[in-house]
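The structure appears below as structure tokens.
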Amino acid sequence: MNHECSEPLPAKNIILVGFMGSGKSTIGRELGQLLSYPLIDTDSKIEENEKLSVADIFSLKGEDYFRESETLTVQQLISDGLTHHIIATGGGLPVRPENRPLLRELGYVVWLDANTDTILERTSRNSNRPLLQTENPRATIEKMLAQRNAIYQEVAHLHLQTTGLNIAETAHGILESARYFFGHS
Ligand code: S3P
């Protein structure tokens, strides 16, 4: 087959991108179980390397340091030749332009989208997200979504609106699309 494509062929991983509280970890766990693929969470990987929580990395080392760690983490996954994994990414990881082609090189990129109410409800359960510790989290979420939605759209092979879908429906939808994608890529 002739692959006249400017992008390298993606490795067979499924990458979940999307805003905080969009369900990446939950759906990632479900997909991992369905496919028997290990789940890698970029936030957890960075926390393990730094021996600090994401919140502490932000407060002690700054957001730029965290963003650099995100890029290094994705580069490392590519140089490890990672395949047959589910990768849940931090919500801001696709924001750096150089990370976007790297994510697509890693595999099939799925944007898990959710509405503001859903995001607010899920993220208000704990205070471990430094960017949402503001006076008005709803306004912060709306502003950040307005900045980021075009970015998620650009990086993703598949855009899935998850509000109203249950975990199993979402995971099965992703699996079906991923199988088609890998069958034709
Ligand atoms: C962030 C999302 C978080 C975490 C950090 C910054 C963001 O991950 O990486 O707090 O910029 O959207 P989750 O999307 O897993 O909450």
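Throughout, read-outs are computed from the coordinates displayed, never taken from laboratory work. This structure is a prediction, so every number in the text was calculated from the model and none was measured. Here the Cβ positions follow ideal geometry from the backbone for every residue, glycine too, while neighbour counts run over all protein chains shown.
Working only within segment 43-62, note down all residues that are closer than 16 Å to GLN133 by Cα, part of a helix (DSSP H, G or I) and touching a residue at least 12 places away in the same chain (Cβ under 8 Å).
Residues satisfying the conditions are VAL54, ALA55, ILE57, PHE58, SER59.
For segment 67-185, give me every one of the strands (runs of 3 or more DSSP E) that falls completely inside it and has 3 or more residues that are surrounded by fewer than 18 Cβ atoms within 10 Å (Cβ to Cβ).
Those strands (runs of 3 or more DSSP E) span 158-161.
Can you pull out the residues in segment 65-86 that are within 12 Å of the ligand (Cβ to nearest atom) and either touching a Leu at 6+ places or on another chain (Cβ under 8 Å) or among the acidic types (Asp, Glu) (or both)?
Answer for segment 65-86, where residues must be within 12 Å of the ligand (Cβ to nearest atom) and either touching a Leu at 6+ places or on another chain (Cβ under 8 Å) or among the acidic types (Asp, Glu) (or both): just GLU70.
Exactly one of (1) within 13 Å of the ligand (Cβ to nearest atom); (2) without any contact (Cβ under 8 Å) to a residue 12 or more places away in the chain is unmet by SER25. Its number?
(2)
Going through TYR152, TYR108 one at a time, which residue ends up being closer than 17 Å to THR42 by Cα, within 16 Å of the ligand (Cβ to nearest atom) and hydroxyl-bearing (Ser, Thr, Tyr)?
The conditions single out TYR152.
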